[in-house]
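Scroll down for the structure; my scribbles are underneath it.
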Amino acid sequence: MEKNTILVGERQLKYPILQGGMGIGVSLHNLAGAVAKEGAIGMISAAQIGFREPDFDQSPLRANLRAMQKEFKLAKKISSNGIIGFNIMTAMKDYEKYVKEAVKIGADLIVSGAGLPIDLPQYVKETNTKIAPIVSTEKAAKLLLKYWQKKYNRTADLMVIEGPMAGGHLGFHREEIARMDKEKYELEIQKIIVEVRKYEQKYATKIPVFLAGGIWNAEDYKWALKLGAEGIQVGSRFVTTMECDASLAYKNAYIRAKKEDIGIIQSPVGMPGRAIINSFIKKVNQGEKFPCRHCHLCMKKCNPQTIAYCITDALIRAVEGDVENGLVFCGEKIDQIKKIETVQEVIASFLL
């Protein structure tokens with residue numbers, strides 16, 4: 001990678017890499033701390049972060065908020081003075097409470113997608129926590145930045161543009177993903193960046209843009225720079241690291257996956273997502289239902305009475321090692337993964 005001057009607040013990054021926030025339990029303190037220690041941005045996913053807490057079933061919100069504190073403290077211990085943030089989806093129930101907790105415990109950054117975080121500036125007002133929305137279209141970027149200017153007289157500290165090759169929940173309709181090609185999306189990226197630059201001028205500040213979705217190697221980083229971005233967000237590459245918080249079975253599911261094993265699913269919370277098509281997903285696709293026995297209060301747009309399965313339970317099963325009977329989100333290029341690496345090795349692979 002090239003020498004950069006990307007700042008998060010007053011802190012300069014050694015590497016312009018933002019580690020993607022991956023839940024449930026994939027990016028916790030081990031991964032985030034290791035990434036931040038190397039000089040990139042380490043991200044903890046707040047999604048059902050307290051699933052290992054003893055009272056998670058009885059009081060998921062309380063368990064999750066407590067776990068946020070624990071994971072952040074441990075990540076900071078690993079990373080020393082590294083930059084640690086939280087990925088908090090706007091689609092989560094009690095979104096405001098999760099953001100306020102992240103601010104309270106001193107998060108350096110909050111990255112927020114899965115919807116537009118229109119009120120995020122309100123929750124970080126007069127704090128040192130920086131904010132980075134995730135957008136996928138020019139329309140979303142225009143709407144959000146204009147709203148933030150009008151209502152809060154401020155703009156983003158960073159901007160993440162997530163493309164259609166990303167893993168997990170995607171910011172596109174299923175039909176859009178099917179007909180999207182790289183050249184077409186490059187034009188969309190450039191339009192978003194033009195919009196961001198307008199707000200840089202308005203506020204006389206730098207807003208670093210990080211490209212996400214299918215970012216795999218140094219060539220992808222060069223591609224991002226060519227389009228006008230300053231950095232990259234990397235998710236799947238970090239899953240198969242020694243430091244990743246997921247089980248070894250979860251990492252091996254990535255290593256075993258072939259191109260034909262990766263597909264677009266319809267999440268029970270109403271959004272398309274990219275995942276490994278395992279035995280569980282095949283059963284769901286055939287119409288089999290797995291009744292939700294206990295609601296974990298995870299997402300706003302979830303009706304436990306009508307969903308095919310509980311996404312929280314499915315993600316927990318997978319991250320703990322039952323990869324054939326759980327949901328394994330992944331990026332489009334995981335068939336290229338051949339081995340488990342270290343965080344340091346992954347970062348080095350992006351060097352120009």
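The values are calculated or read from the model by the stated rules, or taken from the named source; none is laboratory data. Everything numeric in this text was worked out from a predicted model, so none of it was measured. So basically every Cβ, Gly included, is an ideal-geometry build from the backbone, and we count neighbours across all protein chains shown. Accessible surface areas use protein heavy atoms only, side chains included; no ligands, DNA or RNA. Shrake-Rupley method; radii C 1.70, N 1.55, O 1.52, S 1.80 Å.
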| task | Based on a Kirkwood Rh over C-alpha pairs, give the Stokes-Einstein translational diffusion coefficient of the chain at 10 °C and viscosity 1.306 mPa s in µm²/s. | result | 79
| Arg154 label point, 7 Å along Cα→Cβ, cut-off 17 Å on backbone N: hits in the stretch 114-134? | 117-134
| field | Of the trypsin sites (Lys or Arg not before Pro) in the stretch 227-321, those whose Cβ has at most 13 other Cβ within 10 Å and which sit in DSSP loop | value | Lys258, Lys289, Arg293, Lys301
| Antiparallel DSSP beta bridges within the chain, as percent of all bridges there, nearest 5 | 30
| task | Summarise the accessible area of the chain (1.4 Å probe, protein heavy atoms) by the percent that is carbon and sulfur. | result | 49
| Counting other Cβ atoms within 10 Å, which GluC sites (Glu not before Pro) in the stretch 191-297 have at most 12 and lie in a DSSP loop? | Glu288
| message | Using each residue's phi in the stretch 95-105, evaluate 6.51 cos²θ - 1.76 cosθ + 1.60 at θ = phi - 60° and report the 3J(HN,Hα) Karplus result to the nearest Hz, with x for Gly and Pro. | response | 3, 4, 5, 5, 5, 5, 5, 4, 5, 4, 8
| task | Using R₀ = 30 Å, calculate the FRET efficiency as 1/(1 + (r/R₀)^6) where r is the Cβ-Cβ separation of Leu61 and Asp322; round to 0.05. | result | 0.75
| field | Simple Cβ-charge dipole of the chain, Lys/Arg +1 and Asp/Glu -1, about Cα centre, in debye nearest 20 | value | 660
| What is the magnitude of the charge dipole of the stretch 1-101 about its Cα centre, with +1 placed on the Cβ of each Lys and Arg, -1 on the Cβ of each Asp and Glu, and no other charges, expressed in debye to the nearest 20? | 280
| query | So what is the calculated 222 nm ellipticity per residue for the chain, using -39500 (n - 2.57) for each DSSP H run with n of 4 or more, over all residues, to the nearest 500 deg cm²/dmol? | reply | -11000 deg cm²/dmol
| field | Top positive-direction residue, dipole computed over the chain with Cβ charges, set Ser267, Ile192, Val35 | value | Ile192
| Per residue, what accessible area does the chain have, given a 1.4 Å probe and all protein chains present, in Å²? | 44
| note | Between the alpha carbon centres of the stretch 316-352 and the stretch 114-161 the gap in Å comes to 29
